[in-house]
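S.K.: The structure's right below; bear with me while I get my questions together.
Every number in this text was worked out from the coordinates using simple rules, so none of it is lab data. Keep in mind it's a predicted model, so treat the numbers as computed, not measured. Quick reminder, even Gly has a Cβ in these numbers, built from the backbone with ideal geometry, and neighbours come from all protein chains shown.
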Amino acid sequence: MKPLRRLILALQFLTLFSVKKNITVEPEELSRSMAFFPVVGALQGAVVAGADYLLRDMLPAGPESALLLVILFLTNGGLHLDGFMDTVDGLAGGSTPERRLEIMRTSSVGAIGVVAVVLLILLKYQCVVSLTADIRSRALFLFPVAGRWAIVPMACWARYARSGAGLGRAFSGNSTGTFVIAAVFAAAMAAYLMGAAGLAAMALIVPAAYISTVFFRAKVGGTTGDIMGFQSEIGEVLFLVFIFLIYGRL
């Protein structure tokens, strides 16, 4: 039952879908649940692709694409967008690692964080609305997979940046085995749905995650829950951009 339990943990951590309440969680088990992060992304992608199938003949491309992003947002309550904003605010407002981490922890959002998240959503919207019919459903299914997958290598390579407890502590420094299992899930789905192009786009997330990991090691000494949310959002956008580049759509 451990794999199913870890899938449930991943689902409850990353989404608003409450499968089973009052689960006693050990930090090591929570870390190993990251192996199923791409699977959770697939469930979110299935919701988005399914909504697209139902709505694409009812609405123009622009409003329909915007609504798909709202639906994706509703599946996790904006968990990763919040981390994205906090991370940008910390990087913009702090001159030392300690100050950056302090800013990230505050509940208020600064102007730079707001501008950054608006630009991120606009970029994501432009990517989604520009998807052509031959790849649209498959890309809509896979880009949340890429976003959840993007967290895993960073969590494997980076230690937790804070000295005390925090949301990302249990995930930081996860095992190579967890990384490999998550990679197999992400690669298998990408290869099955989009062949070599999808596999290449999913694989390119790894060096991007490494660059991001090195950057945040220098800036704050490691990773946090907010930074993992930032990484997830960047992973989604990168996958969509890579798909356009690979298919020659730009």
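S.K.: Per DSSP helix of 4 or more residues, -39500 (n - 2.57); summed, then divided by the residues of the chain. What does that give at 222 nm, rounded to the nearest 500? Don't skip to the end; give the middle numbers.
M.R.: Details: 11 runs with 186 residues, N = 250.
Counting only the DSSP helices, I get -25000 deg cm²/dmol.
S.K.: Let me ask you something else. Taking the Cα centre as origin and putting +1 on Lys and Arg beta-carbons and -1 on Asp and Glu beta-carbons, what dipole magnitude results for the range 2-247, to the nearest 20 debye?
M.R.: It works out to roughly 560 debye.
S.K.: Residue by residue through the range 90-99, what is 3J(HN,Hα) from phi via Karplus (6.51 cos²θ - 1.76 cosθ + 1.60, θ = phi - 60°)? Round to whole Hz and write x for glycine and proline.
M.R.: x, 5, 7, x, x, 9, 10, x, 5, 5
S.K.: Give me the extension gain from GLU29 to SER163: residue separation times 0.36 nm, minus the current Cα-Cα distance, reported in nm with one decimal.
M.R.: 46.1 nm
S.K.: If you don't mind, there's one more thing I want to ask. Can you bin the range 16-139 into rounded, prolate or oblate? Criterion: square roots of the alpha carbon gyration tensor eigenvalues sorted a ≥ b ≥ c, rounded for a/c under 1.5, prolate for a/b above b/c, oblate for the rest. Write out the running numbers ahead of the final one.
M.R.: Values: a/c = 2.54, a/b = 1.28, b/c = 1.98.
Note, shape of the range 16-139 comes out oblate.
S.K.: Here is a further query. With a Förster radius of 22 Å, plug the Cβ-Cβ distance of ARG217 and ARG105 into 1/(1 + (r/R0)^6) and report the FRET value to the nearest 0.05.
M.R.: For ARG217 and ARG105, the calculated efficiency is 0.75.
S.K.: Percentage of Cα-Cα pair distances in the chain greater than 28 Å, rounded to whole percent?
M.R.: 29 percent
S.K.: Given 0.36 nm per residue, what is the gain on full extension from THR96 to LEU122 after removing their alpha carbon distance, in nm?
M.R.: Full-extension gain reported as 6.3 nm.
S.K.: Tally Lys/Arg at +1 and Asp/Glu at -1 over every other residue whose Cβ is under 14 Å from the Cβ of SER108; what's the total?
M.R.: -4
S.K.: Using the Cα centre of the chain as origin and beta-carbon charges of +1 (Lys, Arg) and -1 (Asp, Glu), tell me which of SER175, ALA42, PHE13 is placed farthest towards the positive end of the dipole.
M.R.: SER175
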